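Chemist: Here it is: the structure, laid out below.
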Amino acid sequence: MNAQALLDLSQQQLDALFSAHEAGPIPDGEAKGTAIIAPGTKFSEPIAELVNVFAWQGKVFDGKVGLLRNHITPLGLKAIIARVYKDASWLDGKDCIVLDYSETSLIASHIRDEIRAIEPSFYIGKVYWDKKRLIDFCLDFRELRFQRA
């Protein structure tokens, strides 16, 4: 499985894939991120490419501390911190890994991400604004894209 395969799936297929998997381990390290917007359409891949270039490139997890930072902007700034812990998913009530920005970010204080491992070192995620679903994404820890600080 890879990001391209997820971009080609429908929203229903993405939801089923998320629900079919366990939370998996809380990740540690850097992951390349891919935004999944308009899944299963001809727009999904070009939107993902634009997001990767201009807005969001991925996440860096510190699993021991339970925090992450996002790689954002064309400069790859490490910013927008989230707390990381396991809790029930808003999608299906099963355990997931929550990326909680409510207490760590003014910009993203309404955002909650949920992720599950669908393969070793490869996660699918859901983004919520308050309790409204926004988009999906994936995190690939197999392909490091960022330089270590």
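The values are calculated or read from the model by the stated rules, or taken from the named source; none is laboratory data. Only a predicted model underlies this, so the values are computations on that prediction, with no experimental measurement involved. As a convention, Cβ positions derive from the backbone with ideal geometry for all residues, glycine included, and neighbour counts pool all protein chains shown. The area values use the complete protein model at the heavy-atom level, side chains included, leaving out ligands, DNA and RNA. Shrake-Rupley method; radii C 1.70, N 1.55, O 1.52, S 1.80 Å.
Chemist: In segment 37-55, what count of residues is obtained for those that are of a type in the set (Lys, Arg) and in contact with a Ser or Thr (Cβ under 9 Å, 6 or more places away or on another chain)?
Modeler: Number satisfying all stated conditions: 0.
Chemist: Return the pair list, or none, for Cβ contacts closer than 7 Å from residues in segment 122-145 that are under 15 Å from TYR101 (Cα atoms) and in contact (Cβ under 8 Å) with a residue 24 or more places away in the chain to residues that are outside any strand (DSSP E or B) and not hydroxyl-bearing (Ser, Thr, Tyr), at least 6 apart or on different chains.
Modeler: LYS126/PHE18; LYS126/LEU91; TYR128/TRP90; LYS131/TRP90
Chemist: Something else: Restricting attention to segment 135-149, which residues are out of contact with any Asp or Glu (no Cβ under 8 Å at 6 or more places or on another chain) and surrounded by 13 or more Cβ atoms within 10 Å (Cβ to Cβ)?
Modeler: Once the filter is applied, which keeps residues that are out of contact with any Asp or Glu (no Cβ under 8 Å at 6 or more places or on another chain) and surrounded by 13 or more Cβ atoms within 10 Å (Cβ to Cβ), segment 135-149 yields ILE135, ASP136, CYS138, LEU139, ASP140, GLU143.
Chemist: I'm checking my understanding of the structure. Among residues of segment 86-110 that are free of Cβ contacts under 8 Å to residues at least 24 places away in the same chain and assigned to a strand (DSSP E or B), which one is least open to solvent (accessible area, probe 1.4 Å)?
Modeler: The extreme case among them is VAL98.
Chemist: While we're here: Considering each of LYS42, LYS78 in turn, give the residue that is part of a strand (DSSP E or B) and among the charged types (D, E, K, R).
Modeler: Selected residue: LYS78, the only one of LYS42, LYS78 that is part of a strand (DSSP E or B) and among the charged types (D, E, K, R).
Chemist: Still on this model: In segment 64-75, how many are surrounded by 14 or more Cβ atoms within 10 Å (Cβ to Cβ) and at pLDDT below 95?
Modeler: Result for segment 64-75: 2.
Chemist: In segment 10-19, is there at least one residue being among the charged types (D, E, K, R), under 15 Å from PRO120 (Cα atoms) and open to solvent by less than 50 Å² (accessible area, probe 1.4 Å)?
Modeler: Within segment 10-19 (the criterion being among the charged types (D, E, K, R), under 15 Å from PRO120 (Cα atoms) and open to solvent by less than 50 Å² (accessible area, probe 1.4 Å)), the answer is no, since none of the residues qualifies.
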